[in-house]
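Accompanying notes for the structure given below.
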Amino acid sequence: MKPASNGKYQALEPPPPLTSSEGLAEANRCLMCWDAPCTRACPTHIDVPRFIKQIATDDLLGSARTILSANILGASCARVCPTEVLCEGACVLHDLHERPIEIGRLQGLATDPVVFGGDPIFVPGPDTGFRIAIVGAGPAGLSCAAELTRLGHSAVILDAADIPGGLNTHGVAEYKMRPDTSLAEVEWVLSHGGELRSGVRVGTDITIDALLEEHDAVFIGTGLARSAPLGIPGEDLAGVEAALDFIANLKARPREEAALEGERVAVIGAGNTAIDAATQSVRLGADKVFLVFRRAPEHMRAYDHEIEKALLDGVELVAQAVPVSITGQGAVGGLTLQRTELGAPGRDGRPAVKALDGTEFHLDVTRVVRATGQVGYHDFYAAVPDVELDGAGRVVVDERFRTGNVRIWAGGDCVNGGKEVVNAVEHGKQAARDIDATLHGVALPSGGD
Amino acid sequence: MADLTANLAGIESPNPFWLASGPPTNTGDQVARAFEAGWGGAVWKTIGEPIENTWSRYSSVDLNGNRMMGLNNIELITDRPLDVNLQEIREVKRRYPGHAVVVSAMVESKREAWHTIVKQIEDTGADGVELNFGCPHGMSERGMGSAIGQVPEYCSQITEWAKEVAETPVIVKLTPNITDIRTASRAAKAGGADAISLINTINSITGVDLDTLTPRPAVGTRSSHGGYCGPAVKPIALNMVAAIAGDPGTAEIPISGIGGVTTWRDAAEFILLGATNVQVCTAVMHYGFRIVEGLIDGLGNYLDGKGLGCVADLRAKSVDQVTDWQHLDLNYIIKAEIDQDKCIGCALCYIACNDGAHQAIGAKRSDEGRTDVWIKYDDCVGCNLCSLVCPVEECITMVEQDTEYRPLTWAEVEDGADPSGLAPRPKHDLTIGG
């Protein structure tokens with residue numbers, strides 16, 4: 001534990017689950033709105049009033065079924081969802097100037113006993129004989145596999161990593177969820193059916209053509225590649241990393257080895273991943289953490305509550321600054337930046353950025369973490385027939401998550417450019433339903449999130 | 001502050017708050033501590049031939065996480081020797097001469113037995129006797145308690161026997177487990193009762209343990225119906241108090257109101273509907289004797305705010321406003337109004353009205369993602385339901401409408417008044433599935 005700037009201690013561990021009596025009291029606060037805004041705000045449309053009422057009436061199993069039938073990763077979403085801007089942000093109690101219902105923690109109360117050590121929540125449907133290959137064992141792929149299993153199909157997930165779960169295992173800040181939690185959830189999801197082949201890289205170990213040949217359909221949920229290099233001198237120095245590698249490395253090692261005591265960290269970027277890297281650094285004992293970004297604080301893409309958390313952690317914002325070089329002998333010794341000037345808004349509504357010569361300044365840091373956004377797996381997709389990427393490197397799909405190839409569907413970060421776990425879960429679920437309808441020759445009404 | 005002293009059929013107390021006969025008045029020690037806490041009087045837990053109790057005795061009903069909305073008991077009358085009770089009653093009355101000490105009694109239905117117990121009670125210096133004709137469990141199986149209260153002739157007879165020897169006021173405590181409470185109150189009055197107290201507890205089974213399948217309270221693998229009390233029973237008690245207070249046959253008899261009194265507001269309501277004082281039990285079993293402080297303070301402030309000098313000035317002020325349905329004005333028109341500035345968009349009003357009442361509220365998602373609701377003015381029958389379910393204070397109000405129709409009651413229509421004088425009602429000719 002480390003004192004933060006506000007004098008409170010910031011936790012390294014996820015918050016404790018609600019006790020059943022806390023859950024009962026919280027559940028009873030729910031008004032049970034009609035056409036509830038929380039349900040509408042949830043990308044997977046969990047029937048929130050229903051699952052909360054089930055908690056209030058001591059039907060935890062029924063509550064878990066309500067949640068997990070809409071969102072098979074309901075247990076991890078209970079931990080990693082930005083509920084402040086989704087369900088809890090939509091709670092009508094805000095308008096009464098009351099605390100919103102703690103929907104995320106109630107969801108954990110209901111789902112934890114089932115997902116971590118409980119029985120499967122559904123019985124696979126009658127075997128259809130169809131086989132579907134899924135590329136990537138992240139949230140989108142797992143959700144797709146679960147839904148396909150439920151519909152009676154057999155799903156095979158191929159995952160390049162040795163350990164499954166995608167960013168849920170490798171990329172979530174430690175104080176939100178630990179890797180073993182994600183892995184236990186993956187194991188439970190697969191207990192419903194579905195086969196996992198870890199350490200198999202599609203495109204290298206097996207071709208996409210071979211997959212298409214052996215399966216009736218393919219779902220792609222590769223996620224995104226690591227962020228591109230900044231393209232400045234000194235990036236090859238030890239201590240320069242992409243944010244997701246930085247987080248993944250911290251998570252993979254014992255706490256003592258991961259400690260950052262004595263280190264001074266500069267995180268480049270202003271999105272939620274940058275915040276995760278910065279707050280995680282503070283919690284691991286870094287002496288000083290800077291968040292460096294090109295535009296002004298009001299242009300930061302991270303959620304307000306995440307920015308607030310970073311500020312409470314004592315993270316220093318270095319706004320309107322752009323890195324020009326990383327200095328050091330073998331390892332990072334410092335970061336040189338230029339001030340920027342903001343111009344007229346561009347097409348995305350954000351102001352243009354111009355670095356100003358002669359405004360160089362220096363930050364004394366020992367680590368540089370790059371969180372400037374992920375990019376698409378261009379090489380991989382080049383080998384996938386009839387699947388296109390847009391200008392931002394995202395897979396182009398229609399509202400049913402169909403790609404340009406009639407036998408390939410895609411969802412998750414590779415489609416939306418990097419959003420929440422819950423968005424990926426919904427993509428996988430909806431894609432599975434359309435795969436099912438397509439294989440059965442039944443057209444679904446158009447929809448999706 | 002207003003004068004809170006109360007006088008029930010000649011029994012005076014410093015305030016109208018008495019402990020009802022029950023576990024809180026089981027011993028002299030409890031009653032003494034209650035008087036120290038501020039209670040104006042106490043009705044001693046029913047004495048008589050001591051009984052043996054089961055060990056498991058109480059069970060309750062919780063509501064949405066709130067404990068003991070209703071309480072049930074299968075405890076019988078006192079299990080302490082008669083002479084010990086009488087000695088303690090004498091001692092408490094000696095120490096607290098200004099407080100009302102009334103003793104509840106229940107003995108077998110023999111004239112001599114009642115004569116004896118009344119004399120024994122009065123010999124202690126107690127201020128009055130309460131005849132327990134209400135206990136609905138256990139004792140009723142032995143021909144006592146509600147077995148008496150349910151038969152008007154027995155009720156009159158035993159009251160007469162008590163009155164034959166009593167020198168202090170005799171209060172008859174009635175059971176609500178009866179079709180029309182007025183038959184019992186009239187019988188008590190006919191027997192000479194000086195006052196009536198009600199209600200005793202209501203026959204109940206509070207629930208079943210869904211694991212053991214044993215109803216509550218479980219006495220091993222069995223249970224028995226008990227007597228229900230607490231906040232849940234207050235509306236039933238208020239109705240019965242009002243029925244007696246409004247009955248010409250018993251209009252003058254003093255009433256001690258019992259049934260779910262928890263706050264000063266509850267007490268004020270009982271008094272407005274005809275009670276002279278109130279008795280409290282469950283709230284003390286939940287929170288202890290200290291709650292009397294809030295009762296005293298709250299009622300005093302209320303009387304002051306109303307410009308009333310004493311509790312008696314409040315008594316029965318609402319009795320005349322309770323009438324038969326046939327005398328209600330059918331042209332008193334109200335309709336719901338929603339204060340959109342206060343609305344939080346939960347749409348409970350919509351779903352309650354649409355599924356559970358009269359389909360007079362519309363709802364739809366707004367462009368901003370909230371749910372907008374509105375009253376379908378022509379369809380609103382003014383039933384109040386939306387204002388009852390709305391979680392926001394004063395967001396939905398029921399507003400009286402101007403009308404050219406003069407007041408008209410069903411009784412007047414039955415007596416020949418022109419039915420065309422009735423204001424038109426909203427029609428609900430919806431298409432099924434439409």
Selection of chymotrypsin sites (Phe, Trp or Tyr not before Pro), region A:125-209, meeting DSSP coil and at most 13 other Cβ within 10 Å: none
Please identify the GluC sites (Glu not before Pro) of region B:113-221 that satisfy two criteria: DSSP loop assignment and at most 14 other Cβ atoms within 10 Å. Which are they? B:GLU167
Taking the Cα centre of the protein assembly as shown as the origin and placing charges on Cβ (Lys, Arg +1; Asp, Glu -1), which of A:ALA210, B:ALA6, B:ILE89 is farthest toward the positive end of the dipole? B:ILE89
Given R₀ = 35 Å, FRET efficiency for A:GLU84-A:LEU389 by Cβ-Cβ distance, to 0.05? 0.65
Cβ charges +1 (Lys, Arg) and -1 (Asp, Glu), total dipole of region A:285-342, debye: 260
Shape box of chain A [Cα atoms, principal axes, largest first, Å]: 68, 55, 46
Difference of contour (0.36 nm per residue) and Cα-Cα distance, A:VAL442 to A:LYS419: 5.3 nm
Accessible-area composition of region A:20-115, carbon plus sulfur, in percent [1.4 Å probe]: 54
Want the number for B:ARG365 to B:ILE205: 0.36 nm per residue separation, take away the alpha-carbon distance, what's left? 53.2 nm
Proximal lysines relative to B:LYS364, as straight alpha-carbon distance under 28 Å, when same-chain residues fewer than 8 apart are discounted: A:LYS53, A:LYS429, B:LYS335, B:LYS342, B:LYS376, B:LYS427
Taking 2.2 N^0.38 Å as the expected size of a compact globular protein, what ratio does the Cα radius of gyration of region A:240-370 give against it, to two decimals? 1.06
Residues whose modelled amide H sits under 5 Å from the amide H of B:GLY134, counting only those 5 or more places away in sequence or on another chain, are B:SER146
Column: log10 I(q)/I(0), Debye, Cα scatterers of the protein assembly as shown, q = 0.05, 0.06 Å⁻¹: -0.47, -0.63
Compute the FRET efficiency between A:HIS45 and A:ASP245 as 1/(1 + (r/R0)^6), taking r as their Cβ-Cβ distance and R0 = 45 Å, and round to the nearest 0.05. 0.85
Taking the Cα-to-Cβ direction at A:THR359 and at B:LEU82 and moving 7 Å from each Cα, how far apart do the two end points lie in nm? 10.1
Using θ = phi - 60° and the Karplus curve 6.51 cos²θ - 1.76 cosθ + 1.60, what whole-Hz ³J(HN,Hα) does each residue of region A:268-280 get, with Gly and Pro shown as x? 9, x, 9, x, 5, 5, 4, 4, 4, 5, 5, 5, 4
Lys and Arg at +1, Asp and Glu at -1: add these up for the other residues within a Cβ distance under 15 Å of A:TYR381 and post the number. -4
Could you sort out which of B:LYS45/B:LYS173; A:LYS288/A:LYS309; B:LYS119/B:LYS163; B:LYS45/B:LYS93 sit more than 18 Å apart by Cα distance in this structure? none
Once the cut-off is 17 Å, how many percent of the Cα-Cα pairs in region A:20-115 end up in the long-distance tail? 41
Value of [θ]222 nm, deg cm²/dmol, for chain A, DSSP H segments ≥ 4, -39500 (n - 2.57) each, nearest 500: -9500 deg cm²/dmol
Residues in region A:344-362 reached by a label modelled at A:ILE232 [backbone nitrogen below 11 Å; 7 Å Cα→Cβ]: A:360-362
Using a Gaussian network model of chain B whose springs link C-alpha atoms within less than 10 Å, name the residue from B:GLY28, B:GLY369, B:GLY260 with the highest mean-square fluctuation. B:GLY369
What FRET efficiency, computed as 1/(1 + (r/R0)^6) with R0 = 22 Å and r the Cβ-Cβ distance, is obtained for A:THR57 and B:HIS225, rounded to the nearest 0.05? 0.30
Over region A:240-370, with the other protein chains present, what is the accessible area per residue in square angstrom, probe 1.4 angstrom? 43
Calculated from backbone phi, Karplus (6.51, -1.76, 1.60) coupling profile of region B:250-261 in Hz, x at Gly/Pro: 9, 4, 8, 6, x, 10, 9, x, 9, x, x, 5
Taking the Cα centre of each part, how many Å lie between region B:1-45 and region B:295-346? 28
Would you mind checking which residues have amide H under 5 Å from B:TRP44's amide H? H placed 1.01 Å from N; only 5 or more apart, or other chain. B:VAL102, B:VAL103, B:SER104
Summing +1 for each Lys or Arg and -1 for each Asp or Glu, what net charge is found among the other residues whose Cβ lies under 15 Å from the Cβ of A:VAL322? +2
Among B:GLY294, A:CYS30, A:GLY171, whose Cα sits farthest toward the positive end of the charge dipole of the protein assembly as shown (+1 at Cβ of Lys/Arg, -1 at Cβ of Asp/Glu, about the Cα centre)? A:GLY171
Under a Gaussian network model of chain B whose springs join Cα atoms within less than 10 Å, the largest fluctuation of B:GLN321, B:GLN340, B:GLN120 belongs to B:GLN340
Kirkwood hydrodynamic radius, region B:7-131, all distinct C-alpha pairs: what's the number in Å? 15.4
Of region B:310-346, those with amide N under 11 Å from the point 7 Å along the Cα→Cβ vector of B:GLN401 are B:332-336
Low-density loop cleavage sites - GluC sites (Glu not before Pro) in region B:15-92, where at most 10 other Cβ are within 10 Å (DSSP): B:GLU52
List, in order, the whole-Hz ³J(HN,Hα) value for each residue of region A:320-335 obtained from phi through the Karplus relation with A = 6.51, B = -1.76, C = 1.60 and θ = phi - 60°; use x for Gly and Pro. 6, 9, 10, x, 10, 7, 10, 9, x, 9, x, 9, 4, x, x, 10
Within the set of other residues whose C-beta is less than 10 Å from the C-beta of A:ARG29, count the net charge using Lys and Arg as +1 and Asp and Glu as -1. -2
In whole Å, what are the Cα extents of region B:298-390 along the three principal axes, biggest one first? 57, 35, 18
In whole angstrom, how far apart do the alpha carbon centroids of region B:377-427 and region A:195-272 sit? 68
Expressed as a percent, the accessible surface of region B:150-200 that is carbon or sulfur, using a 1.4 Å probe and the full set of protein chains, is 45
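The values are calculated or read from the model by the stated rules, or taken from the named source; none is laboratory data. Values in this document were obtained by computation on a predicted structure and should not be read as measured data. Methodologically, a virtual Cβ is constructed for each residue, glycine included, from the backbone with ideal geometry; neighbour enumeration extends over all protein chains shown. What goes into the accessible areas is simple: the full protein's heavy atoms, side chains included, and nothing from ligands, DNA or RNA. Shrake-Rupley method; radii C 1.70, N 1.55, O 1.52, S 1.80 Å.
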